[in-house]
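The values are calculated or read from the model by the stated rules, or taken from the named source; none is laboratory data. Keep in mind that what you see is a predicted model, and the values were worked out from it rather than measured. With ideal geometry, Cβ positions are generated from the backbone for all residues, glycine too; neighbour counts draw on all protein chains shown. Just so you know, the surface numbers come from the protein's heavy atoms only, side chains and all, with ligands and any DNA or RNA stripped out. Shrake-Rupley method; radii C 1.70, N 1.55, O 1.52, S 1.80 Å.
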Amino acid sequence: MSAAWIDTLLGRLAARDVHLREEPAPGLAPARLFTAKTDDWGALAHETRNLECRWVAGFGEDAGDYILMNTVFEKDGAYLVARTQVKRAMPFLPSHTPYYPGADRPERHIQDMLGVAFTNHPDPRRWTRHQAWRDADCPLRKDFPVAGRMTGPTPPDDTYKFLYAQGAGVYEIPVGPIHAGTIEPGHFRFQAVGETVLNLEEHLGYTHKGIEKIAEGRDADGLARLASRVSGDSTVAHAWAACMAMERAAGIDVPARALYLRAIMSERERVANHLGDIGMVLNDVAFTFGFYQFSRLREDWQRLSREALGHRFMMDRVVPGGVAANLTDQMAIAMQAQIAAMRPEIENLMGIADDTASVEDRLVTTGYLAPETAKAYGALGYVGKASGHGFDARRNAPYAPYDQLHVEVPVYQYGDVAARVKVRAQEVLISFGLLDKLLTSLPDSPLRANWKTPAAGAEGLGIVESWRGEIVTYVRFGADGKIARFFPRDPSWTTWQGLEKCIRDNIVPDFPVCNKSINGSYSGHDL
Amino acid sequence: MLRILAKIQKIGIVTEPLPKIDEPVLQQVGEQLKAKVGELFGGSLAIRQVDAGSCNGCELEINALGNPYYGIERFGVHFVASPRHADMLLVTGPVSRHMEAALKRAYDATPEPKLVIAVGECGACGGEFGVSYASCGAVANVVPVDGVIRGCPPTPLDLMRGILEAIGKFQAKRP
Ligand code: SF4
């Protein structure tokens, strides 16, 4: 981790007569907080882009006469939070999207939720808002009632303006919001010629549940429960990121055993999801043998999670100040035995899949996401790693206990479905190694530190590597230890746009396997 | 191919026996389910699952019903792509307001007589999300519901039990 680039950035900005001011923000550390003038917001993104910083997250907050706007940047494992304020009465701000295509939807989300207008945004269409609130309403403004202002049934959203294709033989396929299988809802609009996809446009937001709004006024425990349900498949990681943010805001040190148990649960979550999804990808290319084998392994894995930690997904086991589950020595041994038994099985099964021509034929070169496209969107997790970008918070910006561990990160340049599957299979084996180390050196300590009510206005940032990639969660406390602002940035924001691009020139029947190989969270994105 | 066959032979059928936790009852629940499905649905119960705004936790457990441990298809239960082919809707929620119209359309498209089960704490009562500008809360706030399966998320076995219980009510609904 090196923050040397921040000085370079400040120097380059100063040369343009743009001056950032560093502010003390202990809860955001190790990230550093800088404030900027509203008019300089575009120049800031221009220079961070020139320095090849990653655009990590953007979020706003109603602060009365002003709306506070934040963007998080990262480079070399060091994070910078840039902040500016726009007048509530005149909420205009230069967009970051011209420099970072990945900022497109986050900015439109802010526009829909807080009523900030991004002046040179290339696509001012609404994003998260469908028909549940009016254009003039902004759910995240404090004067908007949590119950909303609409009565009666919500009309279907049939006025969203999709891109339109014309020409001989071009046809459209509208899919969703309810999809064919047991999966989350969203809308996909394909334009195709014959079997070939010309373009895919996503319309998400169907699972928007008002998470950011209903977080307000909760206590720390209540926020952890909500964070556990931002995306059920990532319950451990989201709860960890939210608790880390709250603990930093409150200045609480988490006991060593609790940190180890969090990491054990987080690695178990990673393995469970990777196993399940590898099986699903194989199912989508009609290799049902692989599907049944991997779903069997996933089930075995989840059963031991339940036996050892009391829940198949370990939901609500990460709590403010520590954890709400302990691991007996006997269960730690059972976990190690399971790993020892599964490791050769996975190697064997991946060998079989690799040797099966029909699988290879369907996965290799399918759904190619070019490294430069992945970079433009800041693609995280296995999607980034399969397309040349190996950012992994456990290694690049390590948090305890990963600061004590060596985390290997597989990276490929092929960018296809096969590469994404390969990264995931390797990550399973790497997680096995990490689990072995964590289980053999599990320290003795209390499981939970006493909670201390943070001062009003205290803020915190939690950064955790979930199985999908880096989660960045912002929390601010108001009076009486109640939450004033919660924003969890799921890594899916960075990969949904990749799906749109990777499907081009593929055949329509390959869409399910491309989608599964990326497996963005709808719920984690729609909030 | 030989390696595949070797693997299949080595693993065998994992569906039975099931010694861990609460699974000794799986076979029992499964057999009852099969008998009821045989009696009431000609041996085949078609379910359309609708995620009306869930966190995806419930979906993972519903998907687990298809893994070789539970293998719910062996009891005559299968998941279909269209509500028009379904006897039952298995709905997770809270129902987001953005899914309200889609859920109603799926309900209307399901032929009578039909059964609707609300799955999970969220489907049953709104769960952590409740009712807000963005959420209608419980499934019953949007479409008529015949049964609920609680849990966050309900385990695959809870789901099987809940389905069994709900089809018991189907008798009453039949013309
Ligand atoms: S019941 Fe629990 S697992 Fe199911 S959707 Fe609600 S929060 Fe998620």
In nanometres, the difference between 0.36 nm per residue of separation and the alpha-carbon distance of A:ASP143 and A:VAL170 is 5.0 nm
Could you work out how far the C-alpha centroid of region A:42-97 sits from that of region A:401-426, in angstrom? 30 Å
Most positive-pole-ward Cα, B:GLY38, B:ALA106, B:GLN28, against dipole of region B:21-173 from beta carbon charges: B:ALA106
Theoretical gain in end-to-end length, A:ALA286 to A:GLU307 [0.36 nm per residue, Cα-Cα removed]: 4.3 nm
Of all DSSP beta bridges having both residues in region A:4-119, the percent classed as antiparallel (nearest 5) is 80 percent
Rounded to two decimals, the Rg over Rh value of region A:211-525 from Cα coordinates and the Kirkwood Rh reads 0.98
Rank A:MET90, B:MET99 by accessible area, highest first, at a 1.4 Å probe radius? A:MET90, B:MET99
Looking only at region A:352-394, which residues have a backbone nitrogen under 11 Å from a spot 7 Å from the Cα of A:THR196 in the C-beta direction? none
What is the ratio of the Cα radius of gyration of region A:4-119 to 2.2 N^0.38 Å, with N the residue count, to two decimals? 0.99
Rg (one decimal) and Dmax (whole number) from the Cα set of the protein assembly as shown, in Å, equal 24.6, 81
Averaged across A:173-184, how many Cβ atoms of other chains sit within 10 Å of each residue's Cβ atom? 6
Euclidean distance between Cα centres, region A:278-345 to region A:460-527, Å: 22 Å
If you line up the Cα atoms of region A:386-527 on their principal axes, what length do they span on each, largest first, in Å? 56, 39, 20
Using +1 on the beta carbon of Lys and Arg, -1 on that of Asp and Glu, and nothing else charged, what's the dipole of the protein assembly as shown about the Cα centre, debye to 20? 700 debye
Measuring from label point to label point, each 7 Å out along Cα→Cβ, what is the A:ALA376 to A:ILE333 span in nm? 5.6 nm
Which of the GluC sites (Glu not before Pro) found in region A:7-103 are loop residues per DSSP with 14 or fewer other Cβ atoms within 10 Å of their Cβ? A:GLU52
Suppose each label sits 7 Å from its Cα in the direction of the beta carbon; what would the A:LYS37-B:GLN27 distance come out to in nanometres? 7.8 nm
For A:LYS37, go through the lysines and keep the ones whose alpha-carbon is under 26 Å away, minus same-chain ones fewer than eight residues off. A:LYS75, A:LYS87, A:LYS142
Counting only helical runs of four or more DSSP H residues, what would the 222 nm mean residue ellipticity of chain A come to if each run contributes -39,500 (n - 2.57) and the total is spread over all its residues? -12500 deg cm²/dmol
Estimated FRET transfer efficiency (A:ASP403, A:ASN450; beta-carbon r; R0 22 Å; 0.05): 0.35
Classify region A:425-504 as rounded, prolate or oblate, taking a ≥ b ≥ c as the square roots of the eigenvalues of its Cα gyration tensor: rounded when a/c is under 1.5, otherwise prolate if a/b is larger than b/c and oblate if not. oblate
I'd like the antiparallel share, as a percent to the nearest 5, of DSSP beta bridges with both residues in the protein assembly as shown. 70 percent
Ignoring everything but the protein chains, give the 1.4 Å probe accessible area of A:THR151 in square angstrom, nearest 10. 130 Å²
Stretched out fully, how many nm does the piece from B:ALA81 to B:LYS10 gain, at 0.36 nm a residue minus the Cα gap? 22.2 nm
Whole-Å distance, taken between Cα centres, linking region B:100-175 and region A:122-137: 29 Å
Spin-label model distance (nm) - A:MET1 vs A:ASP436, 7 Å beyond Cα toward Cβ: 2.8 nm
Can you tell me the FRET efficiency between A:ASN50 and A:VAL364 if r is taken as the Cβ-Cβ distance and R0 is 51 Å, rounded to the nearest 0.05? 0.90
Inter-chain Cβ neighbour average for residues A:297-305, partner chain, 10 Å: 3
Expected integer from the mean partner chain Cβ neighbour count at 10 Å over A:269-279 is 1
Any idea of the accessible area per residue across chain A, 1.4 Å probe, to the nearest Å²? 34 Å²
With only Lys, Arg, Asp and Glu charged, each at its Cβ (+1 for the first two, -1 for the last two), find how big the charge dipole of region A:4-119 is about the Cα centre; round to the nearest 20 debye. 80 debye
A:ASN348-A:ASP253 FRET efficiency (beta carbon distance; Förster radius 45 Å; 0.05 resolution): 0.55
Accessible area of chain A with a 1.4 Å probe: how many percent of it is carbon plus sulfur? 52 percent
Place a +1 charge on the Cβ of each Lys and Arg in region A:378-527 and a -1 charge on the Cβ of each Asp and Glu, then give the dipole magnitude about the Cα centre in debye, rounded to the nearest 20. 180 debye
Span-like helices, chain A: DSSP H, alpha-carbon axial extent 20 Å or more, mean Kyte-Doolittle -1.0 or greater, which ones? A:235-250, A:256-284, A:288-309, A:329-355, A:417-440
Relative to a virtual label point 7 Å from the Cα of A:ASN326 in the Cα→beta-carbon direction, which members of region A:253-278 show backbone nitrogen distances below 20 Å? A:254-266
Under 24 Å from the Cα of B:LYS10 - lysines, other chains or at least 8 residues apart: B:LYS20
Compute the Cα gyration tensor for region A:165-318, then decide on rounded, prolate or oblate, letting a ≥ b ≥ c be the square roots of its eigenvalues: rounded whenever a/c is under 1.5, prolate when a/b is larger than b/c in the other cases, and oblate in all that remain. oblate
Shape call, chain B: gyration tensor on alpha carbons, a/c limit 1.5: prolate
Would you work out which of A:LEU380, A:ALA242, A:CYS502 lies farthest towards the positive end of the dipole of region A:211-525? Charges go on Cβ: Lys and Arg +1, Asp and Glu -1. A:ALA242
Restricting the count to DSSP beta bridges whose residues both fall in chain B, what percent are antiparallel, rounded to a multiple of 5? 5 percent
Computed, not fitted: 222 nm per-residue ellipticity of chain B from DSSP H runs ≥ 4 (each -39500 (n - 2.57)), nearest 500, equal to -12500 deg cm²/dmol
